[in-house]
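To keep things clear, I will list the structure first and then write my remarks on it.
Since every read-out is calculated from the coordinates, none of them should be taken as a lab result. The structure presented is a predicted model; accordingly, all values stated were derived computationally and were not measured. Cβ placement follows ideal geometry from the backbone for every residue including glycine, while neighbour counts extend to all protein chains displayed.
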């Protein structure tokens, strides 16, 4: 049982290490965190509801997760073929498209959330 707990704790630290790597090294994650910070301040300023906070927090995690997966795809592609390759480029474009889906849908939802607060 103790061995199992130690392994789980090590995995948590490994995951945290990956998160910090993304935050410190990936400009796309840094930009998205800046936008999340702006919406967080806006949420406090406008005193959005508890339900709206839940949605906003979920969307933040959703976008960051998709961006992290896209970064993983890019790193794998660079490892497999560091030179330009049309097929690798298409794979990277598809990953970026996935991030775009997440960001656009999240911005639409945030617009729906914030519109009533800003229109009053």
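Of all the residues that make up the range 41-64, how many are out of contact with any helix residue (DSSP H, G or I) (no Cβ under 8 Å at 6 or more places or on another chain) and in a helix (DSSP H, G or I)?
9
Take the residues of the range 42-54 that are surrounded by 18 or more Cβ atoms within 10 Å (Cβ to Cβ) and touching a residue at least 24 places away in the same chain (Cβ under 8 Å): which is nearest to the chain's Cα centre (by Cα)? Let's see the steps before the verdict.
Keep residues of the range 42-54 that are surrounded by 18 or more Cβ atoms within 10 Å (Cβ to Cβ), which gives 43, 48, 52.
Next, only the ones that are touching a residue at least 24 places away in the same chain (Cβ under 8 Å) stay: 48, 52.
Numbers: 48: 22, 52: 18 Å.
Among them, the one singled out is 52.
Among the residues in the range 83-95, are any free of Cβ contacts under 8 Å to residues at least 60 places away in the same chain and closer than 19 Å to residue 22 by Cα? Steps first, answer last, please.
Of the range 83-95, the ones free of Cβ contacts under 8 Å to residues at least 60 places away in the same chain are 83-95.
Now restrict to residues that are closer than 19 Å to residue 22 by Cα: 92, 95.
Taking every residue of the range 83-95 in turn, at least one turns out to be free of Cβ contacts under 8 Å to residues at least 60 places away in the same chain and closer than 19 Å to residue 22 by Cα.
Out of 7, 91, report the one residue that is over 16 Å from residue 111 (Cα atoms), in contact with a helix residue (DSSP H, G or I) (Cβ under 6 Å, 6 or more places away or on another chain) and assigned to a helix (DSSP H, G or I).
Numbers: 7 fails: in contact with a helix residue (DSSP H, G or I) (Cβ under 6 Å, 6 or more places away or on another chain).
That would be 91, the only listed residue that is over 16 Å from residue 111 (Cα atoms), in contact with a helix residue (DSSP H, G or I) (Cβ under 6 Å, 6 or more places away or on another chain) and assigned to a helix (DSSP H, G or I).
Results for (1) within 13 Å of the chain's Cα centre (by Cα); (2) over 30 Å from residue 118 (Cβ atoms); (3) exposed (fewer than 10 other Cβ atoms within 10 Å of the Cβ), shown as yes or no for each residue.
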site	(1), (2), (3)
26	yes, yes, no
29	yes, no, no
40	no, no, no
58	yes, no, no
61	yes, no, no
80	no, yes, no
92	no, yes, no
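I'd like the residue in the range 108-120 that is surrounded by 14 or more Cβ atoms within 10 Å (Cβ to Cβ) and under 17 Å from the mean Cα position of the chain (by Cα) and, out of all such residues, is nearest to residue 35 (Cα to Cα). First the steps, then the outcome.
Initial filter on the range 108-120 (surrounded by 14 or more Cβ atoms within 10 Å (Cβ to Cβ)): 109-110, 113-114, 117.
Subset that is under 17 Å from the mean Cα position of the chain (by Cα): 109-110.
On the way: 109: 15, 110: 12 Å.
Within the range 108-120, the match that is nearest to residue 35 (Cα to Cα) is 110.
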